[in-house]
Amino acid sequence: MTKLMNLDLESPKEFFIFCNRYRPITAHNLTFPKTFVSAAYSYCSSKEFSRKYEDGTATYLPFLPAENDCKIISPYLTTAMNNYRIEYDAEICRKMYYPKYPSRISAIFAFGDLDTCKKVYEKYPNNGWDLSTIKKFTLIDSPFTRVIKVNMEIVSLARYAYLISYSPENDLDTLWKHYWSGGGNIQMELPDVTVQRKKYESGEIFEYLIEGSVVLSE
């Protein structure tokens, strides 16, 4: 039985995934192998990589920050780099404090039950969360399998916070360590449209990050 790495709980055996059939690789995997495999797990056939995977020293980030001469960031650049900046900060925190946890850059994203899928759809009806695309999968146990449970709404709040020029340098650990540890609701004080500071809460919708393989079970 696979245990959750960040919580003292057993991992679910079955998961539910929103599957976008308009992506050729998704359509192929649903039709033929009927299996989804995380990036790092699929590369563990490499002895050099599997060693790094097991000891938590594998690097997943494709791009690293560079020094720039202009120290003022335009609104366009903020928008353009926002999502990657979030993933970069999350990954740096993971590698620093939780190096053996599944990486967001590599993992399969899944939900543990249909009720959570419906909650996601109701909150984000126009973001591609189509209930008709949900498929049920069974986790394949393996020595390389790793699973954690995290609150996806922390990332949702971070996307808004970063977009309005939030600077996480002082409390990056607070935000992302809370995420990786499986924490629930988190509160942040941010400026609103009136430039006054206001408290925002993330709320809670839990999902699973899986380094491993899941097979279609229906």
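FYI, it's all coordinate maths here, none of it is from the lab. These figures come from a predicted structure and were not determined experimentally. Reconstructed Cβ throughout: ideal geometry from the backbone, glycine too, with neighbour counts over all protein chains shown.
What is the number of the single condition among (1) more than 20 Å from residue 162 (Cβ to Cβ); (2) in a helix (DSSP H, G or I) that residue 87 does not meet?
Every listed condition holds for residue 87 apart from (1).
Of the residues in the stretch 5-32, how many are in contact (Cβ under 8 Å) with a residue 12 or more places away in the chain and not in a strand (DSSP E or B)?
The first filter runs over the stretch 5-32 and keeps only residues in contact (Cβ under 8 Å) with a residue 12 or more places away in the chain, leaving 5-7, 9, 11-21, 30.
Right, trim to not in a strand (DSSP E or B) and you get 5-7, 9, 11-13, 19-21, 30.
Of the residues in the stretch 5-32, 11 are in contact (Cβ under 8 Å) with a residue 12 or more places away in the chain and not in a strand (DSSP E or B).
If you check every pair at least six apart or on different chains, which have Cβ atoms under 9 Å apart with a residue in the stretch 60-77 that is assigned to a helix (DSSP H, G or I) first and a residue that is surrounded by 10 or more Cβ atoms within 10 Å (Cβ to Cβ) second?
Listed pairs, sorted by first residue: 75/165.
Could you check the stretch 100-151 and list, in sequence order, the residues that are free of Cβ contacts under 8 Å to residues at least 24 places away in the same chain and outside any loop (DSSP other than H, G, I, E, B)?
Filtering the stretch 100-151 for residues free of Cβ contacts under 8 Å to residues at least 24 places away in the same chain gives 115, 118, 121-122, 124-127, 131-132, 143.
The answer is 115, 118, 121, 122, 131, 132.
Results for (1) hydrophobic (A, V, I, L, M, F, W, C); (2) surrounded by 13 or more Cβ atoms within 10 Å (Cβ to Cβ); (3) under 20 Å from residue 110 (Cβ atoms), shown as yes or no for each residue.
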site: 4; (1), (2), (3): yes, yes, yes
site: 9; (1), (2), (3): yes, no, yes
site: 12; (1), (2), (3): no, yes, yes
site: 19; (1), (2), (3): yes, yes, yes
site: 25; (1), (2), (3): yes, no, yes
site: 37; (1), (2), (3): yes, yes, yes
site: 46; (1), (2), (3): no, no, no
site: 52; (1), (2), (3): no, yes, no
site: 89; (1), (2), (3): no, yes, no
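I'm told residue 124 meets every condition in (1) surrounded by 15 or more Cβ atoms within 10 Å (Cβ to Cβ); (2) among the aromatic types (Phe, Trp, Tyr); (3) under 27 Å from residue 13 (Cβ atoms) except one. Can you identify the failing condition by its number?
The number of the failed condition is (1).
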